[in-house]
Amino acid sequence: MIYFQSLNKNDLADLLLPLGRVKEERDLRDLPEGDERNSLLKKIEQKKIKQAMMRAKQIYHWVYQRYVTDWDQMTDLAKEIREWMKANVTIYRLNETYAKQSLDGTFKFLWQLHDQKTIESVIIPAALREKIGDEVVATLEDGKRYSGIETEKAGLDNDLNEDSWARLTACISSQVGCAMACKFCLTGVQGLDRSLEAHEIVTQVLELRMRAPITNIVFMGMGEPLHNVKNIIKACQIMLDEDGMNFSKRKVTVSTSGLVPGIEELYKHTDVSLAISLNSSTDEQRSQIMPVNKKWPIAELLDACRKVPLGTHRRITFEYVMLKDFNDTIEDAHRVARLLKGIPSKVNLIPFNEHSGADFKRPTDKTVLDFQRILLKQGYTTTVRVSRGRDILAACGQLRSLFGTARGTEKHRDFQPVNE
Ligand code: SAH
Ligand code: SF4
């Protein structure tokens, strides 16, 4: 069985090509071998390719922009095409095991795959954007307000002309578990079960979009995306396709622990944004917490980053998990600033989230802010991933308003979060 969500638009058109019929085919019957016949054959072939591409577009619109998952409802498709698709191509659905709203304002979804394994996706709401007078003001969940150029300093994309006042980021998984064994990461402790297929990756976003007007996608859930690069590329192509999910390349971010060959491979086939989990300021330190560094040390990783064809106005995000008394000193901050010199970059500091799988501790807020100040002084946009501790009721209220004002050209079901 072929899963629809594993097909990029060209794959789908290839599949549809043999089903094509054009009226010129009738004229072939009376035509003897020769130039005239050959040129007609060529014309027929071209018409069929065009027709298949058109049909692929139509179907893409139905599924990715109108969220129709029943072939019978695609009324502008010829009946024979619908019947063929119904018999041969499945529109995949994920089984929602639960959706719950956590204390920090995010919505977590647990999906069950067809082999009963489960994965998680998360919706992270951020930055309520409002137009006040002539100015766009962004309010973060902690109540801090930013306006104008400050929004960029705060790491909010400064697309002031866009009428999207909120960001709803879908954080999705690329594997069940992860093989990279980073010492601070709960998924790493668990090990790899299996990689996700392209349709399982794409459908996480599709399911979330049926429930809420998602504006951004980050591959920061379970798994190392570039350890599953073939399927990630397919998924990204569908996410960026204007007839598909139609996300801008700035709004889809692949985060990697640093699989160097995967970075090159990714950019051969698609053009999403990149985040690198740097997490250390020296190789010695990084190898202790991220085994991948032994194979692909910092210098090689940053070299690969320099070669990424980013174009103007785009930057690579460097994530830095801050571990108390391990990588959180002033010297570390200066070293990070030196390492990133010459790379269009922004830094995202992530104070360690403590869990039972690792002995590391979270640094104090002061340590994090001192670290941030140094990077800011060196000219790097540096954000701290906010830790949010609001009670459920407040989170609920805010979320509802965020969901209501987020840009949503598409229709979506009323979103009914299940409170803990
Ligand atoms: N495998 C990819 C993407 C998923 S992890 C990667 O490593 O980039 C997403 C981010 O969460 C990474 O930057 C990782 O360093 C960070 N992370 C993992 N465990 C963490 C924890 N316990 N506390 C804070 N950040 C963590
Ligand atoms: Fe965790 Fe990412 Fe490391 Fe995998 S690569 S163990 S998901 S931090």
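Using 0.36 nm per residue, how much length does the chain from L186 to E265 gain when fully extended, once their Cα-Cα distance is taken away?
Numbers: separation 79, 0.36 × 79 = 28.44 nm, distance 2.74 nm.
Answer, rounded to one decimal: 25.7 nm.
Treat each spin label as a single point 7 Å out from the Cα along the C-beta direction, and report the T97 to K366 distance in nm.
4.3
Can you tally the net charge around L301? Count Lys and Arg as +1, Asp and Glu as -1, for every other residue whose Cβ sits under 14 Å from the Cβ of L301. All intermediate terms of the calculation are to be shown ahead of the outcome.
Values: positive: R286, K294, K295, R306, K307; negative: E224, E264, D283, E300, D303, E319.
Value of the local net charge: -1.
What is segment 2-90 by shape, rounded, prolate or oblate, if you read a ≥ b ≥ c off the alpha carbon gyration tensor as root eigenvalues and call it rounded for a/c under 1.5, prolate for a/b larger than b/c, and oblate otherwise? Don't jump to the answer; show the numbers that get you there.
On the way: a/c = 2.90, a/b = 2.40, b/c = 1.21.
Cα axes put segment 2-90 in the prolate bin.
Using the structure shown, list the pairs from K9/K346; K117/K324; K295/K341; K230/K324; K117/K361; K42/K268 with a Cα-Cα distance above 28 Å, or answer none. Provide the component values of the computation, followed by the final result.
Values: K9/K346 33 Å; K117/K324 34 Å; K295/K341 23 Å; K230/K324 36 Å; K117/K361 31 Å; K42/K268 31 Å.
Going by Cα-Cα distance, K9/K346; K117/K324; K230/K324; K117/K361; K42/K268 fall outside the 28 Å limit.
How high is the FRET efficiency from K294 to T90, r the C-beta distance, R0 60 Å, rounded to 0.05?
Numbers: r = 42 Å, r/R0 = 0.69.
About 0.90, to the nearest 0.05.
Measure off 7 Å from each Cα along the Cα-to-Cβ vector at K47 and I330, then give the distance between these two points in nanometres to one decimal.
In this crude spin-label approximation the distance works out to 7.7 nm.
Would you please give the residues with an amide H less than 5 Å from that of R194, counting only those at least 5 places away or on a separate chain, with H modeled from the backbone geometry?
Placed amide hydrogens put V176 under 5 Å from R194.
Let's test the formula: R0 of 25 Å, r as the Cβ-Cβ distance of L31 and E80. What FRET efficiency results, to the nearest 0.05?
Values: r = 26 Å, r/R0 = 1.03.
The computed FRET efficiency comes out at 0.45.
If each residue's Cβ is checked for other Cβ atoms within 10 Å, how do E96, E80 rank with the fewest at the top?
Details: E96 13, E80 10.
Placing the least packed residue first, the sequence is E80, E96.
Ranking S195, S280 by Cβ neighbours within 10 Å, fewest first, what do you get?
Values: S195 21, S280 24.
Listed from fewest to most nearby Cβ atoms, that is S195, S280.
Using the number of other C-beta atoms within 10 angstrom as an exposure proxy, rank I233, I298 with the fewest first.
Working: I233 23, I298 19.
Going from least to most buried by this count: I298, I233.
All of the numbers you see were taken from the coordinates with simple rules; none came from a lab. Because the structure is a prediction, the values reported are computed rather than measured. FYI the Cβ positions are ideal-geometry reconstructions off the backbone, even for glycines, and counts take in every protein chain you see.
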